[in-house]
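I have placed the structure first, in the form of structure tokens, so that the comments after it can refer back to it.
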Amino acid sequence: LSFMYENGFGQAEMSKNDLGPVVFYEHMYYFKEVFPGKPITVSLQLKGLSEDGRFFSFLHNFYDSNGINLARCVMMAGWIDLTTRKLRAIPEALLDSLQNLEKTKDFYTITKEDTRKHGQKPEHL
């Protein structure tokens, strides 16, 4: 979320826009052990974005001080209206910020169907 704060969309701005992020999934892949107290660098790339910005996917790579890739995280999320609790498009300024992020080589335009591609559905009691 530091990206959001750095681009003018911290908690106050999100609240003003009645907007909040909701994570659909995070997949974490571990390659090497990370030791407490050792510095790491975390990258941010845009893996996917819907046309209206409602859905987005980030790729984070974790590196040690020698540039060794320790872990990778792929996450998909969306934006909800905090009053209606429904998914919604985002303000143009935030969409512009997302569109200007460095993109992955396999960047794609996210559709609603992509948010359910892993086939996970609720199993009610």
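Rule-based calculations on the coordinates, nothing more; no lab input. What you are looking at is a predicted structure, and each value in this text was computed from that prediction instead of being measured. Every residue, glycine among them, receives a Cβ derived from its backbone with ideal geometry; neighbour counts consider all protein chains shown.
Taking a ≥ b ≥ c as the square roots of the Cα gyration tensor eigenvalues, the stretch 61-125 comes out oblate, since a/c reaches at least 1.5 and a/b does not exceed b/c. Between GLN99 and LYS38, the FRET efficiency estimated from the beta carbon spacing at R0 = 30 angstrom works out to 0.30. When each of MET28, MET14 is scored by the number of other beta-carbon atoms lying within 10 Å, the sequence from fewest to most is MET28, MET14. For THR83 and PHE107, the FRET efficiency from 1/(1 + (r/R0)^6), where r spans their Cβ atoms and R0 equals 25 Å, is about 0.20. Distance in nm between label sites at ARG116 and PHE31, each 7 Å beyond Cα in the beta-carbon direction? Once both label points are built, they end up 3.4 nm from each other.
Here the alpha carbons of the chain define both size measures, Rg and Dmax, at 16.0, 49 Å. Look at the alpha carbon pairs under 8 Å that are at least 6 residues apart: their mean separation over the length of the chain gives a relative contact order of 28 percent. By the count of other C-beta atoms within 10 Å, a proxy for reagent exposure, TYR25, TYR63 are ordered fewest to most as TYR25, TYR63. Pairs of Lys residues in the stretch 37-125 are counted when their Cα atoms are under 22 angstrom apart and they lie 8 or more places apart or on different chains; the count is 11.
Using the basic label-point model (7 angstrom from Cα toward the beta carbon), what is the GLN11 to HIS124 distance in nanometres? Inter-label distance under the simple model: 3.4 nm.
Neighbour counts of other Cβ atoms within 10 Å put THR109, THR104, THR83, THR115 in the fewest-to-most order THR83, THR109, THR104, THR115.
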